[in-house]
Amino acid sequence: MNNVLLGLLAPANTSLTPATTVLAGLFILIFYATILSLAGYVVAADSGRRSTVELWIDIFVFVLVPLVFIMTTGLVIGLAISVIVWVVFFYVRNRIRKARGYKPLRPSEVLTVVDAEQREAFAQRAVAGGFWFGAIFALLSLVVDLIFYFSGQLPDILLIWVVVRTILLPIAGYFLGRLGGTIALRHVLSAANDANEENAESAIEKKKQLEVLSSTRAREEAKDLVPNDLPLRSSGAQRFYLTLLTAFILFYPILDPFLFGSGTGGRLAGYTDAGYYVILALGLNIVVGFAGLLDLGYVAFFAIGSYTWSIVGSTQLATVTGITLSPAAASWLFWPMLLATAMIAAVFGVLLGAPTLRLRGDYLAIVTLGFGEIVPVVFLELDKYTNGANGIVGVQSPALNLDFLRGVPGLSGLASLHVDWSNFTPIPYYYLIVALIVLVIFANLRLRDSRIGRAWIAIREDEIAAASSGVNLVNTKLFAFAAGAFFSGIAGAYHAAKLGQVSPDAFSFGDSVIYLAMVVIGGIGSIPGVIVGAFAVYAINQLILAQLDTLASDPNNVLNPIFVAVTHVVPGFTFGNIRNLVFGAILVAVMIFRPEGFLPSSRRRRELHHSEDQGVEVSSLDVVPGAPGFEEEVRVE
């Protein structure tokens, strides 16, 4: 932060460019505004029934631990380690609560219908929370900056900012806390008055619904409501987290040098590789998570997408078709071919799904496994088209420049806009993979909530019942295979364009297992869970385990004594030799202690953690016709 401010106040004393300084400063403003608003929201939304010790333990585990790991080990590795710590924390806490006989109150016992006077009290609490959080944060920052100043590490010119920040933070906290309180008030159960009588009736009806639901289902439904025992995990707080995450992702290439120093290019290149893992996991989640169709040959569609663009975007096109394209024209073709490769992969997804419509479970897995093994062999043997075992090299990168407008009257100024897509500048690839991930997530959300998505879930739960309900099993299954292959084709085209080459030995059965592990570990059927699982598996397999030998060779690393002791007993030992063993042990541990995955869907969580004391959930079939709420339950129009 001080480096950014130094660039704003004294540009001559820093090497930062004006654009970098302005963008980093904009992120700092967003960060401050979001944190202060979140403080007001949390104070207003908190029910006040949790102990102070429990609250501070949560803050320590979910805030301080990730910050420490990220600052010491890097972003991806730090987040991966944090996820493991969180899983262990949840397991230990649940064991302790079970041993002590802890039973949380039902949400219906906590929620209250809020009248106008209570709404005003909520707003005042939010203002006070934002103000005092800003004041305490300003004082702590002042103390830290004074320590740096007297130690000679803070320039004199930044004292102006120290004074201004100390004054502005409490004032900003006052107004932004009110904003957080306003957001919290949108989630309360309002009492009746002349202005909102209809809302009051819906609030009373909502509370009655919570009373008849099982405790697990009621807690899920109550996450949107205020007051809340866990305001930091409520739906309102998640919007603040999403704002911070979005800003962090957009500004990350600018922030990386400030956070981690040199080596930004290498870290961005690693994150772009993790990005196409996310797309592959989201695509496989459609087949396995939504439709319940076990696919062990998903790598085949990734290979099809990679080879499709590699043939078109290289000199191999002239060998195959006799058509010669200039490098500039081939690079521009990447954008339409991104859709074309996805469509071609989707067609092969239909071709795979057609013979397997009558198969389930293990039999379906065997067929998909065979398809995954056949496709790389086909690419290996089609030497004329794919260059065989040598693969295809010289695959063109995307192009995004307007040189063709040079000389055009009125538009020649746009010709200077140019994006460097070489492998030495990973920033364009970073923003491209972010855009693709956003597109894939949006498509997944729309598909999940659509009619076809509900049909997939019905097939997953009970295929016979789905068919009896009128679901077309043939079309629904084929669409699932096609949709999953579609997104895999996008990831394949991106991978080939970024790497600049492709070879058949890059697509094996082990890759399909890795993709499936991402879905299972993250949470089958859960879109956020699959994203977390993709990053976690990539970080563990490609970053942590791949660097164990390097870390162990460092005398200052904690692994060095272990490595030396083992090599005395087993000469020639390296962590690379047991890399798959360690990875497998991690997968086994996760499945034992967290079988539903890191971020499971609500349905999956209820299935694996149902207990007898929760009672039976009342559904529309249990409501007597003519009773209050019957028409709402069965949706009679």
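The values are calculated or read from the model by the stated rules, or taken from the named source; none is laboratory data. The shown structure was predicted, so the numbers you read here are calculated from the model rather than taken from an experiment. Virtual Cβ from ideal backbone geometry, glycine too; neighbours counted across all protein chains shown. We work out accessible area using only protein heavy atoms, side chains counted, and drop any ligands, DNA or RNA first. Shrake-Rupley method; radii C 1.70, N 1.55, O 1.52, S 1.80 Å.
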*Residue ID - farthest from ALA291 (Cα to Cα), chosen from residues in the range 474-506 that are open to solvent by 10 Å² or more (accessible area, probe 1.4 Å) and touching a Pro at 6+ places or on another chain (Cβ under 9 Å)*: LYS498
*Identify, from the list THR324, THR368, the residue that is open to solvent by 60 Å² or more (accessible area, probe 1.4 Å) and either in a helix (DSSP H, G or I) or not acidic (Asp, Glu) (or both).*
THR324
*What pairs can you find where one residue is in the range 576-603 and over 16 Å from MET518 (Cβ atoms), the other is open to solvent by 70 Å² or more (accessible area, probe 1.4 Å), and their Cβ atoms are less than 6 Å apart, with a gap of 6+ or different chains?*
PHE593/TYR91
_If ASN580 satisfies all but one of (1) under 29 Å from PRO600 (Cβ atoms); (2) outside any helix (DSSP H, G or I); (3) over 20 Å from the mean Cα position of the chain (by Cα), what's the number of the condition it fails?_
(2)
*May I ask you to say which residue of PRO555, PRO528, PRO561 is open to solvent by 50 Å² or more (accessible area, probe 1.4 Å) and at pLDDT below 85?*
PRO555
*What tally of residues in the range 399-445 results from selecting those that are out of contact with any Lys or Arg (no Cβ under 9 Å at 6 or more places or on another chain) and modelled with pLDDT of 80 or more?*
17
*Name the single residue, out of those in the range 233-270 being modelled with pLDDT under 85 and open to solvent by 60 Å² or more (accessible area, probe 1.4 Å), that is farthest from SER51 (Cα to Cα).*
SER262
*Going through the range 372-402 one residue at a time, which ones are in a helix (DSSP H, G or I), open to solvent by 50 Å² or more (accessible area, probe 1.4 Å) and not aliphatic (A, V, I, L, M)?*
GLU373, GLU381, ASP383, LYS384, TYR385, ASN390
*asked:* out of contact with any His (no Cβ under 7 Å at 6 or more places or on another chain), at pLDDT 80 or above and assigned to a helix (DSSP H, G or I): which single residue out of ILE84, ILE70, ILE77, ILE96 fits that description?
replied: ILE96
